[in-house]
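Comments concern the structure below.
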Amino acid sequence: MSTEPIIEVIHLKKSFGKNQVMTNFNLTVVRGENVVVLGRSGCGKSVLIKCIVGLLPYDEGSIRIFGKEICTLPKQELDQLRARIGFVFQSSALYDSMTVGENLEFPLIRHQKDKSKSEIQRMVQETLANVGLAHAINLMPAELSGGMRKRIGLARALVLKPEIILYDEPTTGLDPITAKEISQLMLQLQRTYNTTSIIISHDMNCSRLTANRMCVMIDGINHAEGTFESLSTSLDTKVNSFFEQTQA
């Protein structure tokens, strides 16, 4: 695996009024790596990736993507950077009035205006095939199961062939079998596209399957880092408490 830093979060601070979510958070993710950020509900995990993609401003610190400080980028450059980042929302966030195919066409039409209609259709079909849903191209979101919606959300994030994917609770609300299938698909996509990913999750099975490395967010900092195996045997009770259920 490369040692080239793709995402660098340095001394990040973020508050909402008196609620200090991140107090001094640090994390570096290298090219081709899957890093799972683990933490209790409400600790700031989703806030972190929204800051990384520029959806939320941060109070202090630095976020560098491909070596560029995102808070100083002009809007046009920030939009160009975002086109290199896929964001998989917890709810999938599909457009309910569009078919599956139209949901995937939308970012292509917006960001790749030089592509012909036939090229866009080919890219949509190829991406749907990579998530095992080529047959669903004409379905509406209301016709999809929860697992299918997750796969289409993944496909829409992948259609621009991003170098980075940010996953926000990708297996939430799924039964264990479907959650395992989504986790395995994420791993397969990492190998196929050589993506660099941050995965926000409290699903320990998803974490064990997908993580090259894990970060435990506690009290607004990166409290501990390591592999799933090393953290699961940690003597730190704050860290070990996350793994108790998997060890039972």
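Results, tabulated for the structure shown:
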item	result
Some residue of region 142-157 being under 20 Å from LEU189 (Cα atoms) and free of Cβ contacts under 8 Å to residues at least 12 places away in the same chain	no
Complete set of residues in region 54-70 that are at negative phi, at pLDDT 90 or above and not aromatic (Phe, Trp, Tyr)	LEU56, PRO57, ASP59, GLU60, SER62, ILE63, ARG64, ILE65, LYS68, GLU69, ILE70
Residue match in region 56-76 (condition: under 19 Å from MET217 (Cα atoms) and in contact with a Gly (Cβ under 8 Å, 6 or more places away or on another chain))	no
Cβ pairs under 6 Å, 6+ apart, first in region 167-191 and among the aromatic types (Phe, Trp, Tyr), second not in a helix (DSSP H, G or I)	TYR167/VAL88; TYR167/ILE199
GLY86 outside any loop (DSSP other than H, G, I, E, B), closer than 24 Å to ILE152 by Cα and either touching a residue at least 12 places away in the same chain (Cβ under 8 Å) or among the basic types (Lys, Arg) (or both)	yes
Candidate set from region 224-241 (those that are surrounded by 16 or more Cβ atoms within 10 Å (Cβ to Cβ) and closer than 15 Å to CYS43 by Cα); member that is modelled with the highest pLDDT	ALA224
Residue match in region 153-161 (condition: surrounded by fewer than 18 Cβ atoms within 10 Å (Cβ to Cβ) and touching a helix residue (DSSP H, G or I) at 6+ places or on another chain (Cβ under 9 Å))	yes
Total residues in region 76-98, condition under 18 Å from GLY146 (Cβ atoms) and β-branched (Val, Ile, Thr)	1
First in region 44-58 and under 15 Å from HIS202 (Cα atoms), second anywhere and hydrophobic (A, V, I, L, M, F, W, C) and in a helix (DSSP H, G or I), Cβ under 7 Å, 6 or more apart	none
Failed item in (1) modelled with pLDDT of 95 or more; (2) under 28 Å from TYR58 (Cβ atoms); (3) in contact with a helix residue (DSSP H, G or I) (Cβ under 9 Å, 6 or more places away or on another chain), with LEU139 passing the rest	(2)
Qualifying residue in region 71-82 (condition: surrounded by fewer than 21 Cβ atoms within 10 Å (Cβ to Cβ), under 23 Å from ILE152 (Cα atoms) and either touching a residue at least 60 places away in the same chain (Cβ under 8 Å) or touching a Leu at 6+ places or on another chain (Cβ under 7 Å) (or both))	yes
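Rundown of residues vs (1) surrounded by fewer than 18 Cβ atoms within 10 Å (Cβ to Cβ); (2) of a type in the set (A, V, I, L, M); (3) modelled with pLDDT of 95 or more, yes/no style:
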residue	(1), (2), (3)
THR171	no, no, no
GLU181	yes, no, no
LEU185	no, yes, no
LEU189	no, yes, no
ASN205	yes, no, no
CYS215	no, no, yes
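The values are calculated or read from the model by the stated rules, or taken from the named source; none is laboratory data. This one's a predicted model, so the numbers in the text were calculated from it and none came from an experiment. Here the Cβ is made from the backbone with ideal geometry for all residues, glycine too, and neighbour counts use every protein chain on show.
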